[in-house]
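The values are calculated or read from the model by the stated rules, or taken from the named source; none is laboratory data. All values reported here derive from a predicted model rather than from experimental measurement. Counting neighbours? That spans all protein chains shown, and the Cβs are built from the backbone with ideal geometry, glycine included.
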Amino acid sequence: MPVMRYREALNQALREEMRADEKVFLMGEDIGVFQGAFKVTAGLLEEFGEKRVRDTPISENTIVGMGVGSAMVGLRPVVELMTINFSLLAMDQIVNHAAAIRYMFGGQVKVPMVIRMPQGAGHQLGPTHSHSFEAFYLHVPGLLVAVPSTAADAKGLLKAAIRDDNPVIFIEHETLYGQRGEVPENGGPMRFGEAAVRRQGDDVTIIGISRMAITAQKAADSLAETHEIEAEVIDPRTLRPLDLDTIRDSVKKTNRAVIVEEGWPHGGVGANLAALIQEQAFDWLDAPVERVTGADVPMPYSKPLEQAAFPHEEHVVQAALATFRDL
Amino acid sequence: MANGYSPTQVAIRETTKTRKNGDGTAPGDVTKPEEIRFGEVKHDLPDPETCRTVLSKMMLIRRFEERAGEMYAKAKIGGFLHLCIGEEAAIVGATQALRDGDYLISTYREHGQALARGTHPNGVMAELFGREDGCSRGRGGSMHLFDWEKRFLGGYGIVGGSLPLSAGVALACDYLETDDVILSMMGDGATNQGTFGETMNLAALWSLPVVFVIVNNQFGMGTALHRHSAVTDLSRKSEGFGVPGTRCDGMDALDVHSVVSDALAHAREQRQPQLVEAVTYRYRGHSMADPEEYRSKEEVEEWRRRDPIQAFARRLVDEGVLGQDEVEKLDAEAIEAVDESVKFADKSPFPELDSLYDDVYVFTDEVPAWWTVDERTPEVHRGEREREAGQVPHDLAEKGAAYAGVGDRQARKRRTPTDRRQEGAQQGPGEDGEAAEEVEPGTTDPATAAAGGEVGSAEPADEGGAD
């Protein structure tokens, strides 16, 4: 299977979908001549021209809104926002418009668009470029939310997102763009709503969101080596729809759950998932559901502080061990 | 007043005198309201059929809005209700300039736009009543009318929210190589939103076929124009972004029509976006809940004397296009259509509670998805069966049905095995039957309660109420 970087996988997905459908086009800040802030769109302007790869002014709300408008009348826009923090400027168009339009007009129109954006800490970009906001978008009915953590998922899910007729919030991770992974040749779109079981185990279920799926796998390896605990690691891959079956079945098997996310603790993905697990598998739980989250602060710049403000392998190991405290 | 100034406009000029532009002029100085020449004849009448259409559409809007106000007072309509009485010439003049293939998009004060574009009054009134036959199936209400068939792309409740959408539609018109144009109508208040500048810039930068029409009714909610905008000649506000603007008399359908027609032709043929400011006046409050303490009765009276419908009708009679009896007949037809719409809306059912979750998502074969996030649908949620997830979520979903209609805490309460045994002992065997009984009255009650006043008493009241 070919190995490529996460950003190359995304690039391939865009290229293939643009070749397959004339109505797919890209809009975003510096995606054309500059080739993308993270080089995801490299080479696309050259192949598809300015009509389909459109550099925009720095006007996030209007870029997204234009995507919505063009999608309503037949195009399939893929809008890139330079970081998830900037998507807050477009919150009105995303929540009040993209997500609501089909519903509030009684199903007369659809909004087939993708809004791509990277999130996450680790590059010392400070409090306005480093956050993890999947919980904001998870909250909104009418949106689909994808959080791929591997190159293969990045490609398969982006292809699916572009073909889907709903507005999709597609959340990439800044520190994953350079990560390599195997990507199936001629792979088609993946199904939304199917979690990946990254590692099998009977002792504790660890659910990792976005990059934290990878951190969770490292923690699981360490748990096996050091503590003889076999963790099952689940990467939900999409948060809306959510593959709760796989999570629930795993928790019923292991009787313990740890949720790892990079975002803030209050009202986070983990808070939601913990509620769903206790609603659906309460009788199977042998310990309270543990959450490992980012620190409850704006992301600091200074390297040691930044590193302290998002979860690492050791945090996950400790949380998993905590679920065995009573034994 | 001879030059047609209202007290509001005089105030604009006085206030802005104290502010200076870089060239020593006051922002207000660029305004030349006298160019508007309210009340003067500016254009020859078009053919009689067009005259008749324009008049009857304006009358329909006026009568519809009056009746909507009454229905709101009778609590047939909920939420907010924003009436456009006074603005009919701006609405009809602008929309009459559109081709069938062109798009129209508007604000939350958009009943007039929908009617002018040809959405049936029945569909509009039913939407205000929150009924299944409403033009947005009762999901949108007064602020969110929509009619795909008529290419009316909606009313939007967020001030300035529709502007980026309209540029996106224009982009699609361009991308798909059609010669369709979108008419994007906004209020004066929207010109202060960030999306105004952003959208003007992008529309000009990308040469998009869009015509923006500011229906300047002189108030952003209760804040007068000169108190909310430093530049009060709104046709100038887009120019720095590359979108040329023109002002017109928003109380004269022919003037609006003429200026908007030129703008549409320019946008269509020259691929340059245009902006038109139609200066008009909102006779009624911002919404039905507006005590109107921010303006005088005299000011409103002054504008009512310039009424666009009366003035146009008078001119048609004076110039012999229509007889007075024909004018009255057109008005009677408008009233009849509105009466019919009220009857229709009253008879239309409320949406089924089971339809609560309709149209949140599009389901496609291409990318099938499993929608598990919400277990509180009235039925077992989609995908549950296909995945055969088992009895537990199935039961939860059925219990969760209570969420769809009730707010009945008892029905929502999770039962322990002990609870179930106790309930079983009190009410006989069969927990499922017991749960269903609890849910059943809950789900139907509010519907009948909400409809109650109307469904119960409406059948007879309809006939009487429709006069």
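Run down A:53, A:79, A:64, A:68 and say which single residue is touching a residue at least 60 places away in the same chain (Cβ under 8 Å), crowded, with 21+ Cβ neighbours inside 10 Å and touching a helix residue (DSSP H, G or I) at 6+ places or on another chain (Cβ under 6 Å).
None of the others qualify; the one that does is A:68.
Would you list the helices (runs of 4 or more DSSP H) that sit entirely within the stretch A:212-327 and hold 2 or more residues that are within 20 Å of residue A:145 (Cβ to Cβ)?
Here the list reads A:212-227, A:244-254, A:269-281.
If I ask for residues that are touching a residue at least 40 places away in the same chain (Cβ under 8 Å) and either of a type outside the set (A, V, I, L, M, F, W, C) or surrounded by 20 or more Cβ atoms within 10 Å (Cβ to Cβ) (or both), which ones from the stretch A:21-37 would you list?
If the condition is that a residue be touching a residue at least 40 places away in the same chain (Cβ under 8 Å) and either of a type outside the set (A, V, I, L, M, F, W, C) or surrounded by 20 or more Cβ atoms within 10 Å (Cβ to Cβ) (or both), then A:21, A:23, A:24, A:25, A:26, A:27, A:28, A:29, A:30, A:31, A:36 are the ones that fit.
Could you check, for the stretch A:101-109, whether at least one of its residues is crowded, with 20+ Cβ neighbours inside 10 Å, more than 9 Å from every other protein chain (Cβ to nearest Cβ) and over 20 Å from residue A:215 (Cβ atoms)?
no
Among the residues that make up the stretch A:234-241, is at least one of them surrounded by fewer than 24 Cβ atoms within 10 Å (Cβ to Cβ), of a type in the set (S, T, N, Q) and in contact (Cβ under 8 Å) with a residue 40 or more places away in the chain?
There is no residue in the stretch A:234-241 that is surrounded by fewer than 24 Cβ atoms within 10 Å (Cβ to Cβ), of a type in the set (S, T, N, Q) and in contact (Cβ under 8 Å) with a residue 40 or more places away in the chain.
Given the conditions (1) in contact with a strand residue (DSSP E or B) (Cβ under 9 Å, 6 or more places away or on another chain); (2) in a helix (DSSP H, G or I); (3) more than 7 Å from chain B (Cβ to nearest Cβ), report the number of the one that residue A:37 does not fulfil.
With (1) in contact with a strand residue (DSSP E or B) (Cβ under 9 Å, 6 or more places away or on another chain); (2) in a helix (DSSP H, G or I); (3) more than 7 Å from chain B (Cβ to nearest Cβ) applied to residue A:37, the lone miss is (2).
List the number of the failed condition for residue B:203; all other conditions in (1) in contact with a strand residue (DSSP E or B) (Cβ under 7 Å, 6 or more places away or on another chain); (2) surrounded by fewer than 24 Cβ atoms within 10 Å (Cβ to Cβ); (3) facing chain A (nearest Cβ under 10 Å) hold.
Just one mismatch for residue B:203, condition (2).
Quick check on my filter: what residues within the stretch B:129-145 are facing chain A (nearest Cβ under 8 Å) and among the polar types (S, T, N, Q)?
Passing the criteria: only B:136.
Being modelled with pLDDT of 95 or more, in contact with a Phe, Trp or Tyr (Cβ under 8 Å, 6 or more places away or on another chain) and within 22 Å of residue B:190 (Cα to Cα) is true for just one of B:91, B:105. Which residue is that?
When all the criteria are applied, what remains is B:105.
Give the stretch B:115-128 a look and list any residue that's away from chain A (no Cβ under 12 Å) and either surrounded by fewer than 24 Cβ atoms within 10 Å (Cβ to Cβ) or closer than 13 Å to residue B:147 by Cα (or both), or say none.
B:115, B:116, B:117, B:118, B:120, B:121, B:122, B:124
For the structure I just gave you, tell me whether residue A:73 is in contact with a His (Cβ under 7 Å, 6 or more places away or on another chain) and in the same structural domain as residue A:115 (by TED's automatic domain parsing).
no
Yes or no, residue by residue, for (1) farther than 15 Å from residue B:281 by Cα; (2) surrounded by 24 or more Cβ atoms within 10 Å (Cβ to Cβ):
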position	(1), (2)
B:47	yes, no
B:55	yes, yes
B:60	yes, yes
B:74	yes, no
B:82	no, yes
B:91	no, yes
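I'm trying to understand the selection: among the residues of the stretch B:290-312, which are among the hydrophobic types (A, V, I, L, M, F, W, C) and over 21 Å from residue B:45 (Cα atoms)?
Listed by number, the residues that qualify are B:300, B:303.
Please specify each residue of the stretch B:146-170 satisfying the condition of being crowded, with 20+ Cβ neighbours inside 10 Å, at the interface with chain A (Cβ under 7 Å from one of its Cβ atoms) and free of Cβ contacts under 8 Å to residues at least 40 places away in the same chain.
B:146, B:161, B:164, B:168
What are the residues in the stretch B:171-200 that are more than 8 Å from chain A (Cβ to nearest Cβ), within 21 Å of residue B:117 (Cβ to Cβ) and in a helix (DSSP H, G or I), if any?
Answer for the stretch B:171-200, where residues must be more than 8 Å from chain A (Cβ to nearest Cβ), within 21 Å of residue B:117 (Cβ to Cβ) and in a helix (DSSP H, G or I): just B:190.
When the residues of the stretch A:203-233 are filtered to those that are among the hydroxyl-bearing types (Ser, Thr, Tyr) and over 19 Å from residue A:192 (Cβ atoms), which remaining residue is surrounded by the most Cβ atoms within 10 Å (Cβ to Cβ)?
If we take residues in the stretch A:203-233 being among the hydroxyl-bearing types (Ser, Thr, Tyr) and over 19 Å from residue A:192 (Cβ atoms), then A:205 is surrounded by the most Cβ atoms within 10 Å (Cβ to Cβ).
Just one of the numbered conditions (1) surrounded by 15 or more Cβ atoms within 10 Å (Cβ to Cβ); (2) of a type in the set (Asp, Glu); (3) out of contact with any strand residue (DSSP E or B) (no Cβ under 8 Å at 6 or more places or on another chain) is not true of residue A:262; which one?
(3)
Out of the stretch A:272-284, which residues are within 14 Å of chain B (Cβ to nearest Cβ) and either touching a residue at least 24 places away in the same chain (Cβ under 8 Å) or touching a strand residue (DSSP E or B) at 6+ places or on another chain (Cβ under 7 Å) (or both)?
A:272, A:273, A:276, A:277, A:280, A:281, A:284, listed by residue number.
Looking only at the stretch B:251-281, how many residues end up being surrounded by fewer than 23 Cβ atoms within 10 Å (Cβ to Cβ) and of a type in the set (S, T, N, Q)?
Total satisfying the criteria: 4.
Please name all residue pairs, on different chains or six or more residues apart, with Cβ atoms under 7 Å, provided the first residue is in the stretch A:130-151 and is within 14 Å of chain B (Cβ to nearest Cβ) and more than 14 Å from residue A:167 (Cα to Cα) and the second residue is of a type in the set (S, T, N, Q) and in a loop (DSSP other than H, G, I, E, B).
Here the result reads A:134/A:210, each pair linking the stretch A:130-151 to a residue that is of a type in the set (S, T, N, Q) and in a loop (DSSP other than H, G, I, E, B).
Could you grab me the full set of residues in the stretch B:306-339 that are more than 29 Å from residue B:124 (Cα to Cα), out of contact with any helix residue (DSSP H, G or I) (no Cβ under 6 Å at 6 or more places or on another chain) and outside any helix (DSSP H, G or I)?
Once the filter is applied, which keeps residues that are more than 29 Å from residue B:124 (Cα to Cα), out of contact with any helix residue (DSSP H, G or I) (no Cβ under 6 Å at 6 or more places or on another chain) and outside any helix (DSSP H, G or I), the stretch B:306-339 yields B:319, B:320, B:323.
If you take the residues of the stretch A:42-62 that are under 14 Å from residue A:15 (Cα atoms) and part of a helix (DSSP H, G or I), which of them is farthest from the other protein chains (Cβ to nearest Cβ)?
Once the filter is applied, the top-ranked residue is A:46.
Any idea which of (1) over 25 Å from residue B:45 (Cα atoms); (2) over 24 Å from the mean Cα position of the chain (by Cα) is the one residue B:262 doesn't satisfy?
Evaluating residue B:262 over (1) over 25 Å from residue B:45 (Cα atoms); (2) over 24 Å from the mean Cα position of the chain (by Cα) leaves (1) as the failure.
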